[in-house]
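The values are calculated or read from the model by the stated rules, or taken from the named source; none is laboratory data. Predicted model only: the values in this text are computed from it and were never measured. Note that we place each Cβ from the backbone using ideal geometry, even for glycine, and neighbour counts take in every protein chain shown. Please note that ligands, DNA and RNA were not included when accessible areas were found on the heavy atoms of the full protein model with its side chains. Shrake-Rupley method; radii C 1.70, N 1.55, O 1.52, S 1.80 Å.
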Amino acid sequence: MATPTVSPPPASAPAPQAPRPRTALAAVLAVGSALGIGELVAALVSPASSPFLAVGQAAIRLTPEWLKETAIAWFGVYDKVALLVGMSVVILAITVVAGLASGRDERPGLVLVVAMGLLALVATVTSPTFGLLDLAAPTAAILVGIGVWPLLHGLALADGRAAAPGAPSPTHRRRFLTAAVLTALGAVAAGVAGRAVASSGTSPGSVALPPPATPPAPPPVGADFVADGTPTWLTPAADFYRIDTALSVPRLSTASWSLRIHGMVDREVTLSFDQLRSMRLIEAPVTLTCVSNEVGGTLISNGQWLGVPVRDVLALAGVRPGAEQIASTSSDGWNCNTPLGPLTDGRDAMLAIGLDGAPLPVEHGFPVRMVVPGLYGYVSACKWITDIEVTTFDGFTSYWEQRGWGRFGPVKTQSRIDVPRDAATVPAGRTVAAGVAWAQHTGIDAVEVSTDGGPWQRAELAAEPTVDSWRMWRLPLTLAPGSHRLQVRAVDRSGYVQTSQEALSIPDGATGWHTVLVTAV
Ligand SMILES: Nc1nc2c(c(=O)[nH]1)N[C@H]1C(S)=C(S)[C@@H](COP(=O)(O)O)O[C@H]1N2
Ligand SMILES: [Mo]
């Protein structure tokens, strides 16, 4: 009697295994298409809600001061690029790992897609500019991610299953690769289209600016020593230093822009761009400085600004007695506080719509930003401004004040040596040192240079078209062969002599004498 031979079932049937590079690719494509759709939906619905940028923006909000300063020290003005590149690398690495871990089972990849989606949702909801519409982009991204991932993973798995006996299956392979290529194309197309839509907005070049009420001052003569190595007195707009927390520059439209003035006022006022532009305009040169500028640093530039005096705008609303400061907010949720004093004491504090004869560049606040002579940018120079609340000192604490910076930000009297540069080699004998000094809204009375700790020598000063701008200086020197230490200090019109005391930028501006070491040969 024959016993039917039955091959015993394997102890445990191995679950089909997808080729790992394929599941990793599937994960990258699923996350990529989620991010791409996120960009597109954000651009169409609410530009600031891009899931990728929302996470980056949240990282900026949460970054402790020491880390922010380190990032600026390492990457300078490329700190934001560094953040975005770093984020991309981390996302790619985690995604590849989750994909590799999903050889048999789609769950690791699914967990990753959902977790990243939730992270983007939290980043969006906790943004200071959050509105319900901002939920659309992260939601679309999650839906696409959890749709695409099982699909591609299934195809990768089918490929693996078919290939299991040894023979590769061209059909399954082709299916997977076709789906992969289509997903990649879709993701890139959505992302590119999203970026393109997000960067539309009014082009500054198309905006007409009326002339100021009083004709602008003629171009200043003798206000710089460019031939000796100082910057030009007016900084070309393209070279104007740029500091802000915006990962993607707000691209606003003049048609939909408005400025609301409210709080401790007699009547709330909302101005359109056309209304603001039709008010009395002034034009004035003002030097902007960043509080983070180190001694000898370059976070300072001089511009010719066209705008409406802040006091005229405040007068429309009527400031109530007891008000002490204003809180300005930008379209991207940044804010700053400015005391009413400097805004209403007659200086050229303005809501600027133009820089150097053209509409504001987008990076510098198009269509409207504030400029206040004598105050650091972080307490006054709100770009992309859309809201002004009149309040008391107790009524409002600004973005940077919450992070440990001072409440009042008067610019500190400072000076810089531009030539010779630190560590430069100069011919022995006669040479010329030159640079800039600034004490906005006070004025510079003298600049003095000391060589190797010797007596202070008075430098020649350039013309001073206004006390609201920096002032250039030059000084011929005779240097014997060898190494030398040059130091500079300014004396402002209040009689204050720039201190040698060294202080960090935080909390209210760096101090100390700019020092350069040169070798004369
Ligand atoms: N909306 C917005 N405005 C802002 C900032 C910002 O981060 N967001 N930074 C401020 C700071 S710290 C400075 S120094 C100035 C710099 O202006 P600029 O980039 O035009 O030189 O803008 C100010 N206005
Ligand atoms: Mo700044």
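Listing for the model above:
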{"item": "Net +/- balance of residues flanking V265 in space, Cβ distance below 10 Å, scoring K and R +1, D and E -1", "result": "-1"}
{"item": "Order by protection proxy (mean Cβ within 10 Å, highest first), peptides 296-308, 424-436, 363-375, 83-95", "result": "363-375, 296-308, 424-436, 83-95"}
{"item": "Where Rh is the Kirkwood radius over Cα pairs, Rg/Rh for segment 20-198", "result": "1.04"}
{"item": "nm² value of the averaged projected area, convex hull over the Cα atoms of segment 414-520", "result": "6.7 nm²"}
{"item": "The chain - accessible surface per residue (Å², probe 1.4 Å)", "result": "45 Å²"}
{"item": "Set of lysines with alpha-carbon distance to K412 below 23 Å, sequence-local pairs under 8 removed", "result": "K68, K383"}
{"item": "Most to least packed among 138-144, 191-197 [average Cβ atoms within 10 Å]", "result": "138-144, 191-197"}
{"item": "Size of segment 183-323 as Cα extents on the principal axes (Å, biggest first)", "result": "60, 53, 32"}
{"item": "Computed magnitude of the charge dipole of the chain (debye, nearest 20; Cβ of K, R +1, Cβ of D, E -1)", "result": "1700 debye"}
{"item": "Dipole axis of the chain (+1 Lys, Arg; -1 Asp, Glu on Cβ), positive-most option in G86, L316, A187", "result": "A187"}
{"item": "Approximate shape of segment 226-403 as ellipsoid semi-axes (Cα gyration tensor, √5λ), whole Å, largest first", "result": "26, 18, 16"}
{"item": "Cα pair distances in the chain, grouped into 10 Å bins until the bin that holds the longest one, percent each", "result": "4, 16, 21, 20, 15, 11, 7, 4, 1, 1, 0, 0, 0"}
{"item": "Accessible surface of segment 226-403, 1.4 Å probe, proportion on carbon and sulfur as whole %", "result": "48 percent"}
{"item": "Environment charge of V181, counting only residues whose C-beta is closer than 15 Å and scoring Lys/Arg +1, Asp/Glu -1", "result": "+3"}
{"item": "Environment charge of G103, counting only residues whose C-beta is closer than 13 Å and scoring Lys/Arg +1, Asp/Glu -1", "result": "+2"}
